[in-house]
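The values are calculated or read from the model by the stated rules, or taken from the named source; none is laboratory data. Note that the structure is predicted; figures quoted are calculated from it, not measured. Cβ sites come from the backbone with ideal geometry, for glycine too, and all protein chains shown count toward neighbours.
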Amino acid sequence: MSSILQAPTDMEVQEVNLDEVRQLLPSLGDISTQELIGTGFTYRHDWGDRKGQWTLNLNWGAVNRNSRVFVAIGEGAPGGGKFIGSAKYTLHNVAPQDGRVSIWVNIEWGEPIRLYVDYLVINP
């Protein structure tokens with residue numbers, strides 16, 4: 001049995017839902033947090049039911065090649081949220097680009113199940 005992962009064969013591109021993007025810190029009087037630490041945003045994307053390996057590309061104008069993007073993946077709970085089930089969800093790579101963030105995920109389960117991805121973006 002080989003432990004080498006094959007590159008994903010499936011790929012999809014979707015658009016960010018700007019109504020669900022949240023700025024991390026509000027401005028502080030005359031000094032904005034952007035002047036102190038940069039800008040930060042969080043977003044949860046519902047990628048639908050998936051299984052196997054995928055490269056998932058999220059188009060998002062706030063992301064650029066210098067963005068620090070942190071990602072958490074998990075099984076979607078009915079009605080929203082995430083939970084720990086029996087399926088193995090693995091995140092292999094995160095690659096911010098100008099106007100897009102790409103991730104490589106693997107979901108080990110017998111049939112497609114819901115994938116939620118949380119994105120934390122910090123633009124220095």
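Take the residues in segment 99-113 that are touching a Lys or Arg at 6+ places or on another chain (Cβ under 8 Å) and either buried (at least 17 other Cβ atoms within 10 Å of the Cβ) or at pLDDT below 95 (or both), then tell me which one is nearest to MET11 (Cα to Cα). Write out each step before concluding.
Of all residues in segment 99-113, those touching a Lys or Arg at 6+ places or on another chain (Cβ under 8 Å) come to 105-113.
Still in the list and also either buried (at least 17 other Cβ atoms within 10 Å of the Cβ) or at pLDDT below 95 (or both): 105-107, 113.
Numbers: VAL105: 10, ASN106: 12, ILE107: 14, ILE113: 17 Å.
Checked segment 99-113; the qualifying residue nearest to MET11 (Cα to Cα) is VAL105.
When segment 46-98 is examined, which residues are found to be exposed (fewer than 14 other Cβ atoms within 10 Å of the Cβ), under 15 Å from VAL121 (Cβ atoms) and either small (Gly, Ala, Ser) or in contact with a Phe, Trp or Tyr (Cβ under 7 Å, 6 or more places away or on another chain) (or both)?
GLY61, ALA72, ALA95
Would you pick out the residues in segment 96-117 that are closer than 18 Å to PRO78 by Cβ and not hydroxyl-bearing (Ser, Thr, Tyr)?
Passing the criteria: ILE107, TRP109, GLU111, PRO112, ILE113, ARG114, LEU115, VAL117.
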